[in-house]
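The values are calculated or read from the model by the stated rules, or taken from the named source; none is laboratory data. The model shown is predicted, which means the values in this text are computed figures rather than measured ones. Please note: Cβ atoms are built from the backbone with ideal geometry, for glycine as well, and neighbour counts cover all protein chains shown.
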Amino acid sequence: MIQYKRDRRILSVWIGGVLFLMLLTLSNCAEVPVTHRRGLHLVSNSELNTMSLQEYDNVIKSSKLSTDQGKIEMIRRVGTRIAKAAEAFLEETGQGQKIKDYQWEFNVLEDEKTANAWCMPGGKVAVYTGILPYTHNETGLAVVMGHEVAHALADHGNERMSQGLLTQLGGQALSTALKQKPQQTQALFMAVFGMTTNVGILLPYSRLHEREADRIGLLIMGRAGYDPREAIGFWERMGKTDQARPPELLSTHPAPDSRIAGIREILPEAIQYYDQSKMKGK
């Protein structure tokens, strides 16, 4: 009888926990622009942006910044066009209120061995010089920056940070986790946003996130006036690199043949935006 009561109590606690998580999930969902999928967001944008600014500042101060004015100007030129197109999509999808959360900044990190780029919450972007041999030109760079900005636009980082807080830090709020487990929380944040060159500890985006970022990124670059067809060539070049030690970008953004096939399916939609941008430019 005692065992029966204990089992019922355990079952009640378990069911209560499941119901709590379900309610938590339903009450903390946000919509992804363009795809309209709803994702779990347990962290407020203000909290995430504050941490983003701090970590971005740390990375910039601890990294070697490129002094090549040609590279700096190109990356900031492409980044500005991508950012404007991203904000236009937010307006079109009824999320124009989010634009105020983005204070765009583009920096070039001098590291020829690191083929990587990332965009943090709030629009803080870093491009490593090691990715430039793969991009070849401004359009190839727009493929990379459009894809990374798309991850930020879709709040994929918030989803992954929320999942990490649930699975690795016991569901603690970000503010609590920072106070009680600052090193673990910082490590989780760095891994979530790809801000490390250690391939072994990066957290890969899910296939769903990658498909969304591919689609949104191609639409953004098309609207910004860059030919989205260049994406195929870029990912083919990335796929031909040394598989024993793939570039960091591939560790979080896998590029199998199926990915390129998926991009081909998205291209007609993206090309429409590209054609419209050319018409406006005439």
message: I need the full set of residues from the range 137-161 which are small (Gly, Ala, Ser) and under 8 Å from the mean Cα position of the chain (by Cα), in order please.
response: Ala150, Ala152, Ala154, Gly157
- prompt: So which residues in the range 129-154 are surrounded by fewer than 24 Cβ atoms within 10 Å (Cβ to Cβ), not in a helix (DSSP H, G or I) and not polar (S, T, N, Q), if there are any at all?
  reply: His136
query: Looking at Thr93, is it under 21 Å from Arg211 (Cα atoms), of a type in the set (Val, Ile, Thr) and modelled with pLDDT under 95?
result: yes
message: Against the condition loosely packed, with under 13 Cβ neighbours inside 10 Å and of a type outside the set (A, V, I, L, M), how does Glu73 come out, does it pass?
response: yes
message: Restricting to the range 155-174, name every residue that is part of a helix (DSSP H, G or I) and within 24 Å of Ile99 (Cα to Cα).
response: His156, Gly157, Asn158, Glu159, Arg160, Met161, Ser162, Leu174
task: For the range 241-264, name all the residues that are surrounded by fewer than 11 Cβ atoms within 10 Å (Cβ to Cβ) and either outside any loop (DSSP other than H, G, I, E, B) or modelled with pLDDT of 80 or more (or both).
output: Asp257, Ser258, Ala261
